[in-house]
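Student: Sharing a structure with you now.
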Amino acid sequence: MELTKEFVRLHARLCGDGCLGVYKTSEPDRINRTELYYFNNNHQLLLSFKEDMQKCFGVKTSYLPKKNMIRLRSIRIGNVFLSLTSSFKSREWRIPEIIKKEEEK
């Protein structure tokens, strides 16, 4: 995954106002499912998150206006973010060294 400014923004927003969940599923064609959620009361930030997802991964996200939330179900994209950290628990999730080093350039 190329570390673009859009990708770094996605990671930071998920770290601050989002979550990533992985769970087992009984669906016949898959074992696990991954869901990413981004919550924000600012409509422009929600649209920006949606645009960044489209640009980085070429996917459409679900916008749930009553919940001020963007949702995405994708094991592929979830695994990209999981590969950058050891934990997505809110008090343990940190900006990975690979992004920090890129920022210093």
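The values are calculated or read from the model by the stated rules, or taken from the named source; none is laboratory data. Predicted, not measured: the structure shown is a model, and the values here were computed from it. With ideal geometry, Cβ positions are generated from the backbone for all residues, glycine too; neighbour counts draw on all protein chains shown.
Student: Of the conditions (1) among the hydroxyl-bearing types (Ser, Thr, Tyr); (2) within 27 Å of residue 97 (Cβ to Cβ); (3) surrounded by 18 or more Cβ atoms within 10 Å (Cβ to Cβ), residue 61 clears all except one; give me its number.
Tutor: (2)
Student: Restricting to the stretch 16-36, count the residues that are within 21 Å of residue 84 (Cβ to Cβ), surrounded by fewer than 18 Cβ atoms within 10 Å (Cβ to Cβ) and not polar (S, T, N, Q).
Tutor: Matching residues across the stretch 16-36 total 7.
Student: Residue 46 versus (1) without any contact (Cβ under 8 Å) to a residue 60 or more places away in the chain; (2) surrounded by 13 or more Cβ atoms within 10 Å (Cβ to Cβ); (3) assigned to a strand (DSSP E or B): which is the lone unmet condition?
Tutor: Among (1) without any contact (Cβ under 8 Å) to a residue 60 or more places away in the chain; (2) surrounded by 13 or more Cβ atoms within 10 Å (Cβ to Cβ); (3) assigned to a strand (DSSP E or B), the lone unmet condition for residue 46 is (3).
Student: Look at residue 40 and say whether it is under 27 Å from residue 97 (Cβ atoms), touching a Lys or Arg at 6+ places or on another chain (Cβ under 9 Å) and not small (Gly, Ala, Ser).
Tutor: Yes.
Student: Mind checking whether some residue in the stretch 82-90 is under 24 Å from residue 24 (Cα atoms), at pLDDT 75 or above and assigned to a strand (DSSP E or B)?
Tutor: no
Student: Right, here's the next one. Of everything in the stretch 57-70, what is part of a strand (DSSP E or B) and not small (Gly, Ala, Ser)? Give them in sequence order.
Tutor: 63, 64, 69, 70
Student: May I ask you to list the residues in the stretch 34-46 that are under 21 Å from residue 3 (Cα atoms) and touching a strand residue (DSSP E or B) at 6+ places or on another chain (Cβ under 8 Å)?
Tutor: Within the stretch 34-46, 36, 37, 38, 46 qualify.
Here's the yes/no breakdown for (1) under 21 Å from residue 98 (Cα atoms); (2) without any contact (Cβ under 8 Å) to a residue 40 or more places away in the chain; (3) basic (Lys, Arg):
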position: 5; (1), (2), (3): yes, yes, yes
position: 24; (1), (2), (3): no, yes, yes
position: 28; (1), (2), (3): no, yes, no
position: 31; (1), (2), (3): no, yes, no
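Student: Please find, within the stretch 71-81, the residue that is modelled with the highest pLDDT out of those that are touching a helix residue (DSSP H, G or I) at 6+ places or on another chain (Cβ under 8 Å) and outside any helix (DSSP H, G or I).
Tutor: 72
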